[in-house]
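*Asks:* Sharing a structure here in structure tokens format.
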Amino acid sequence: MSLYLDLPVGLGEKLWSHLLQSDVEQVAFVFAAVAIEGDDTVLTAQDHYLAEPGDFEIHSEFHVELTDEARSRIIKRAWDIGTTLVELHSHPGDFWSAKFSPSDMHGFAEFVPHCRWRLRSRPYLAIVVSPAGADALAWVDKSGEPMGLTAIRARGEPDVVPTNQTISDLVTFKAEVPEHGP
Ligand SMILES: [Zn+2]
């Protein structure tokens, strides 16, 4: 199965300009309709939101965290307009790779199940953008295991193909979680 995120003309550039505007991590959301086309799942942007300074609990060069109010408002909007949620954030200082950090993965373990529960198991797509490229993980089925994104198809711009540096390294992330023996 392939998974695509389709963006209308201009949105790709708008998101990337927001995310890489400075040395500080930024966050944006895309509200996307979900369609199954043969074997493919296609998420098509319907609306978007660029996170503002007041949305952040913590907003530093290396770590960002949205307030509970902002998260809950964004999930509610997705629910109200009948879309799934795509989150994008940036690692502006990573000039060599594009991959999620261990703290990103820790955040997903908590947030993704909550968000999917609120949105009745709709898919959740997370994208990280750096000057070197982009990486993505999607939670689509009920297994709780993430899958890769085939491409971001931004109209009028070249497709963005994720580096897949995170998914090829998931074992490492798992190894970082302490296992409690029997
Ligand atoms: Zn991150």
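*Asks:* Which one of Ala70, Ala109, Ala126, Ala98 is away from the ligand (no atom under 12 Å from the Cβ) and modelled with pLDDT of 95 or more?
*Replies:* Values: Ala109 fails: modelled with pLDDT of 95 or more; Ala126 fails: away from the ligand (no atom under 12 Å from the Cβ); Ala98 fails: away from the ligand (no atom under 12 Å from the Cβ).
Exactly one residue qualifies, and that residue is Ala70.
*Asks:* I need the full set of residues from the stretch 1-42 which are within 16 Å of the ligand (Cβ to nearest atom) and in contact with a helix residue (DSSP H, G or I) (Cβ under 8 Å, 6 or more places away or on another chain), in order please.
*Replies:* Gln26, Val27, Ala28, Phe29 - these are the residues of the stretch 1-42 that are within 16 Å of the ligand (Cβ to nearest atom) and in contact with a helix residue (DSSP H, G or I) (Cβ under 8 Å, 6 or more places away or on another chain).
*Asks:* Has the stretch 141-156 got any residue that is touching an Asp or Glu at 6+ places or on another chain (Cβ under 6 Å) and buried (at least 21 other Cβ atoms within 10 Å of the Cβ)? Lay out the reasoning, then the answer.
*Replies:* Our first condition is that a residue be touching an Asp or Glu at 6+ places or on another chain (Cβ under 6 Å); within the stretch 141-156, this holds for 151, 153.
Next, from what is left, pick out any that are buried (at least 21 other Cβ atoms within 10 Å of the Cβ): none.
No: the stretch 141-156 contains no residue that is touching an Asp or Glu at 6+ places or on another chain (Cβ under 6 Å) and buried (at least 21 other Cβ atoms within 10 Å of the Cβ).
*Asks:* Right, something else. State which residue is nearest to the ligand (Cβ to nearest atom) when the search covers only the stretch 43-67 and only residues that are of a type in the set (Ser, Thr, Tyr) and assigned to a loop (DSSP other than H, G, I, E, B). Before you say what the answer is, go through the steps one by one.
*Replies:* Start the filter on the stretch 43-67 by keeping residues that are of a type in the set (Ser, Thr, Tyr), which leaves 44, 49, 60, 67.
Checking the rest, the ones that are also assigned to a loop (DSSP other than H, G, I, E, B) come to 60, 67.
Numbers: Ser60: 12, Thr67: 17 Å.
Restricting to residues being of a type in the set (Ser, Thr, Tyr) and assigned to a loop (DSSP other than H, G, I, E, B), the top hit is Ser60.
*Asks:* Within the stretch 129-150, can you find the residues that are free of Cβ contacts under 8 Å to residues at least 60 places away in the same chain, within 15 Å of the ligand (Cβ to nearest atom) and out of contact with any strand residue (DSSP E or B) (no Cβ under 8 Å at 6 or more places or on another chain)?
*Replies:* Ala132 - this is the single residue of the stretch 129-150 that is free of Cβ contacts under 8 Å to residues at least 60 places away in the same chain, within 15 Å of the ligand (Cβ to nearest atom) and out of contact with any strand residue (DSSP E or B) (no Cβ under 8 Å at 6 or more places or on another chain).
*Asks:* Out of Arg116, Arg77, Arg120, report the one residue that is without any contact (Cβ under 8 Å) to a residue 60 or more places away in the chain and exposed (fewer than 13 other Cβ atoms within 10 Å of the Cβ).
*Replies:* Values: Arg116 fails: exposed (fewer than 13 other Cβ atoms within 10 Å of the Cβ); Arg77 fails: exposed (fewer than 13 other Cβ atoms within 10 Å of the Cβ).
Of Arg116, Arg77, Arg120, the one residue that is without any contact (Cβ under 8 Å) to a residue 60 or more places away in the chain and exposed (fewer than 13 other Cβ atoms within 10 Å of the Cβ) is Arg120.
*Asks:* Can I ask one more? Out of the stretch 152-172, which residues are at positive phi and modelled with pLDDT of 90 or more?
*Replies:* Asn164
*Asks:* Within the stretch 73-95, take every residue that is assigned to a strand (DSSP E or B) and within 10 Å of the ligand (Cβ to nearest atom) and give me the one that is nearest to Ala132 (Cα to Cα).
*Replies:* To start, the set of residues in the stretch 73-95 that are assigned to a strand (DSSP E or B) comprises 84-90.
Checking the rest, the ones that are also within 10 Å of the ligand (Cβ to nearest atom) come to 89-90.
Details: His89: 14, Ser90: 11 Å.
My answer is Ser90.
*Asks:* If you go through the stretch 112-122, how many residues are more than 16 Å from the ligand (Cβ to nearest atom) and either under 15 Å from the mean Cα position of the chain (by Cα) or closer than 19 Å to Ala51 by Cβ (or both)?
*Replies:* Going residue by residue through the stretch 112-122, those that are more than 16 Å from the ligand (Cβ to nearest atom) are 113-122.
Okay, now just the ones that are also either under 15 Å from the mean Cα position of the chain (by Cα) or closer than 19 Å to Ala51 by Cβ (or both), so 113-116, 118-119, 122.
Count: 7.
The values are calculated or read from the model by the stated rules, or taken from the named source; none is laboratory data. Since the model is a prediction, treat every value here as computed from it, not as a measurement. Note that we place each Cβ from the backbone using ideal geometry, even for glycine, and neighbour counts take in every protein chain shown.
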